[in-house]
Amino acid sequence: MTSIRSIAKLETHIPGFDHVADGGLPMGRTTLVCGTAGSAKTILAAQFLAEGIRHGGGSGVFVTFEESAGDVRQNMMGFGWDIAGWEAEGRWAFVDASPDPDVEPLIAGDYDLGGLLARIEHAVSRVGATRLSMDSLGAIFTQFTDSATVRREMFRIAVALKRLGLTALLTAERTAEYGEIARYGVEEFVADNVIILRNVLEGETRRRTMEILKFRGTPHHKGEYPFAVINGEGMVVIPLSAIELKQKSSDIRITSGNDAMDGMCGGGFFRDSIILASGATGTGKTLLATEFMAGGVGLGERCLLFAFEESREQLFRNARGWGVGFERMEQDGLLKVNCAYPETDGLEDHLIRMKRTIQAYRPQRVAVDSLSALERVSGPRGYREFVIGLTSFIKQQEIAGLFTATTPNLLGGESVTEAHISTITDLIILLRYVEIYGEMRRGLTVLKMRGSRHDKDIREFTIDAGGMHVGKPFRQVTGILAGTPRHASGGELDVIHNLFSNE
Amino acid sequence: MNEYVLRLYVTGQTSRAARAIANLRQLCEIELQDRFRIDVIDVLEHPELAEAERILATPTLVRQLPPPLRRVIGDLSETSKVLLGLDIWPSAQAGPTDTGPSRDGDGATPLE
C-alpha cells in the first residue's frame with residue numbers, strides 16, 4: 001500500500017459540528033455551505049471564525065458580499081461575539097465587498113475581480129489568518145451581471161485560498177430545500193466539500209438541519225442532523241445517530257422508591273437503565289416519577305425532574321398529597337425541579353437545555369414527566385430524534401432515567417412514544433385503567449426488563465396519602481392491556497370472589 | 001487646471017490593465033485636452049488603497065473630481081459608456097458643429 005497522506009481536519013469548535021464532521025472541516029480546503037434564505041448560513045460563517053479565535057485556533061477573515069461589515073458586527077453581537085474587539089486586536093478582518101448604495105458602477109468593457117483578490121490576500125497577511133469565510137456568493141453574482149466572468153474569477157479566488165493554506169467556508173443560496181445544490185452553479189468551482197443547511201417547515205414548526213453532502217477523500221457522518229441557533233452561543237449541532245452505543249452496563253440495583261415495585265422488578269431498577277412508564281391520564285405516572293425521585297433522595301442521591309405538564313406549585317402540592325416533601329429535598333440540594341411548557345421552545349432547544357441542565361447538576365437520576373407532552377411541538381421525525389438524543393445522552397451519563405408517556409386512549413392503547421423508544425428502554429412499566437363491573441380500578445405490569453427476571457402479573461394498585469400501594473394480581477380477567485378487560489370463565493360470583501385471590 | 005482627477009485601479013502589468021490605461025488616455029486627450037490628471041494604482045502594490053476605496057473589479061476607474069464620485073468598471077473599451085459613466089458630454093469633434101444639449105457646461109469649451 002502506498003502511504004498517501006490523508007486529509008487533516010481542522011477542529012471548528014462549533015458545538016456538535018466536529019462530531020458530525022468526524023473531526024472538523026478538511027484543513028486547507030474550501031467547503032461550500034448551501035442553504036435557503038434564513039437557514040443560518042451567515043451565522044455558521046461567522047461562528048467558524050469566532051470559535052477559531054475563542055479557542056486559540058488562529059485569526060480569521062470575513063469576506064461579506066451581502067451585508068455590510070457594520071451589519072455583521074451588530075447582528076453577531078447577540079451571540080456574544082465581540083467582532084469589533086477582535087478587529088482591534090488584529091484577530092478578525094473584514095473584506096467588505098457589499099454593494100455601495102451611493103455609487104452605482106457602470107460597466108464599460110472586460111474586467112476581472114483582481115481588486116477583491118488583492119484585498120483578501122492583504123487582509124489574510126495583515127491578521128495572519130488561517131480561517132476565512134465568504135458570505136454569500138449569490139450577492140456577487142447580482143453585483144456583477146456577467147456570471148461567466150464572476151464564475152471564472154471565483155474559481156481563481158478559490159485556487160488562491162488553497163495556495164494561501166486557508167481553511168475556508170463559502171456560503172451560497174439555494175432556491176429550494178430539496179433540489180439543485182446551489183444557484184449560479186457555484187458548486188462547479190468548490191465541489192470538494194459541500195454542506196447543506198435546511199430550515200424546513202414541518203407541520204407548523206421549523207426544523208433546522210445540517211447535512212454534510214460530501215467531504216472528498218475524508219470521512220463524515222451521513223444524513224441530516226438537527227441544530228439550534230441559540231442566543232448568546234450561536235449554532236449548536238445535535239449529533240444524534242452519531243452517538244455510539246458504547247455505554248457500560250451495570251448490575252447495581254437502585255430503588256424505584258416503592259418496595260413493591262422493586263419486588264416486581266426483581267430487586268429494583270438497574271442503575272444505568274432507561275425506564276418508560278406508560279399509561280392514560282390519571283393512571284399514576286406522575287406519582288411513579290415522584291416516588292422515583294423520593295427514593296433517590298432518600299439514599300442521598302441527586303435527582304432531577306423535568307416537568308412539561310404541570311407547574312412547580314402543582315407538582316409540589318401533588319407530592320405533598322402523596323406524603324413526599326419536595327420543598328425540603330430542594331433545600332437539601334438533592335432535588336432540582338425544572339418546569340417548562342413544551343411550546344416555549346423548539347425540541348432542539350429543549351434538548352440542548354436539558355443536556356446542559358444534566359451536565360451542570362450531575363444528577364444520579366433523572367425523570368421526565370411527560371415525554372409525550374413534547375410530542376405536540378414537533379413533527380414525528382423531529383420528535384423521534386429528540387427522544388433518541390435524550391435517551392442516549394442519559395445513558396452515556398450512566399444514570400437512571402425515568403420517562404413517562406401518556407397514551408391517547410383511556411383503556412389500553414399505545415403511544416407514539418412507546419413506538420419510538422420501546423427498543424431503547426431497558427424497562428417498560430404499563431399503567432392501565434381496568435374496568436370491572438362498573439368500577440374503575442388501576443393495574444400495572446412490568447412489560448419488559450432487560451437483564452433481569454421480573455413479575456409477569458398485572459397487579460392492582462391504589463393511591464392514597466401514603467403514595468402508591470401495589471396489591472394482588474388480577475386473576476381471571478383478560479384483555480386488560482388491550483383495553484377490553486373481560487373475565488375469563490366461571491360464574492359471576494366466582495369471578496368476583498376469585499378476582500383477588502386473597503380477598 | 002486639473003478639473004478632472006481620475007484614478008484607475010488595475011491589477012499588475014496585465015494586457016487588460018495596459019488596454020484600460022491606453023483607452024483612458026486617448027479618451028481624455030480627446031475630450032478633456034489638458035484639464036485632467038490620471039493616477040494609476042496597482043492593487044497588488046497598494047492593496048490598502050483598494051481596501052479603502054472598496055475596489056472589487058479591476059480595472060476600476062474612479063472619478064475623484066469633480067464631485068460626486070463616479071465609477072466605471074472594465075478595460076474602458078466601450079467609449080460611449082465610459083463617457084456616460086464619467087458624465088462627460090462628447091465634444092463636437094465627431095460630427096459637424098453639433099451644438100448639442102450642453103447640460104452643465106462641461107463641453108462648453110469653444111474650439112474655434
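The values are calculated or read from the model by the stated rules, or taken from the named source; none is laboratory data. Given the structure is predicted, the values throughout are model-derived calculations rather than measurements. A quick note on method: Cβ atoms are made from the backbone with ideal geometry, for glycine too, and the neighbour counts reach across all protein chains shown. When the accessible area is computed, the model is the full protein with side chains, heavy atoms only, and any ligands, DNA or RNA have been set aside. Shrake-Rupley method; radii C 1.70, N 1.55, O 1.52, S 1.80 Å.
Since A:P99 meets every condition but one in (1) within 14 Å of chain B (Cβ to nearest Cβ); (2) touching a helix residue (DSSP H, G or I) at 6+ places or on another chain (Cβ under 6 Å); (3) without any contact (Cβ under 8 Å) to a residue 24 or more places away in the chain, which condition does it not meet? Among (1) within 14 Å of chain B (Cβ to nearest Cβ); (2) touching a helix residue (DSSP H, G or I) at 6+ places or on another chain (Cβ under 6 Å); (3) without any contact (Cβ under 8 Å) to a residue 24 or more places away in the chain, A:P99 violates only (3). Regarding A:T130, is this residue under 36 Å from the mean Cα position of the chain (by Cα), surrounded by fewer than 22 Cβ atoms within 10 Å (Cβ to Cβ) and within 19 Å of A:G90 (Cα to Cα)? Judged against the criteria, A:T130 is a match. If you go through the range A:340-366 and keep only what is surrounded by fewer than 21 Cβ atoms within 10 Å (Cβ to Cβ), among the charged types (D, E, K, R) and within 14 Å of the chain's Cα centre (by Cα), you end up with A:D345, A:D349, A:R353, A:K355, A:R356. Cβ-Cβ distances below 9 Å connect the following pairs, each with a first residue in the range B:45-67 that is touching a residue at least 60 places away in the same chain (Cβ under 8 Å) and more than 7 Å from every other protein chain (Cβ to nearest Cβ), a second residue that is assigned to a strand (DSSP E or B) and open to solvent by 10 Å² or more (accessible area, probe 1.4 Å), and a separation of six or more residues or different chains: B:L65/B:V5; B:L65/B:R37; B:P66/B:V5. What do you reckon, is A:R151 surrounded by fewer than 16 Cβ atoms within 10 Å (Cβ to Cβ), without any contact (Cβ under 8 Å) to a residue 40 or more places away in the chain and basic (K, R)? When the stated conditions are applied, A:R151 does not pass them.
Provide a single number: the residues in the range A:125-152 that are under 18 Å from B:G12 (Cβ atoms) and at pLDDT 90 or above.
Result for the range A:125-152: 1.
Scanning the range A:142-179 for residues that are farther than 21 Å from A:A45 by Cα and among the aromatic types (F, W, Y) turns up A:F144, A:Y178. The residue of the range A:367-381 that is nearest to A:T406 (Cα to Cα), among those that are open to solvent by less than 10 Å² (accessible area, probe 1.4 Å) and part of a loop (DSSP other than H, G, I, E, B), is A:S370. Residues of the range A:485-496 being at pLDDT 60 or above and open to solvent by 90 Å² or more (accessible area, probe 1.4 Å), which ones? The one that is at pLDDT 60 or above and open to solvent by 90 Å² or more (accessible area, probe 1.4 Å): A:R486.
Answer with yes or no whether B:D39 is under 18 Å from B:I88 (Cα atoms) and more than 14 Å from every other protein chain (Cβ to nearest Cβ).
no
Among the residues of the range A:119-136, the ones that are within 13 Å of chain B (Cβ to nearest Cβ), out of contact with any Leu (no Cβ under 6 Å at 6 or more places or on another chain) and closer than 27 Å to B:V72 by Cα come to 5 in all.
Taken over the range A:48-85, residues that are out of contact with any Gly (no Cβ under 9 Å at 6 or more places or on another chain) and either aliphatic (A, V, I, L, M) or open to solvent by 10 Å² or more (accessible area, probe 1.4 Å) (or both) amount to 20.
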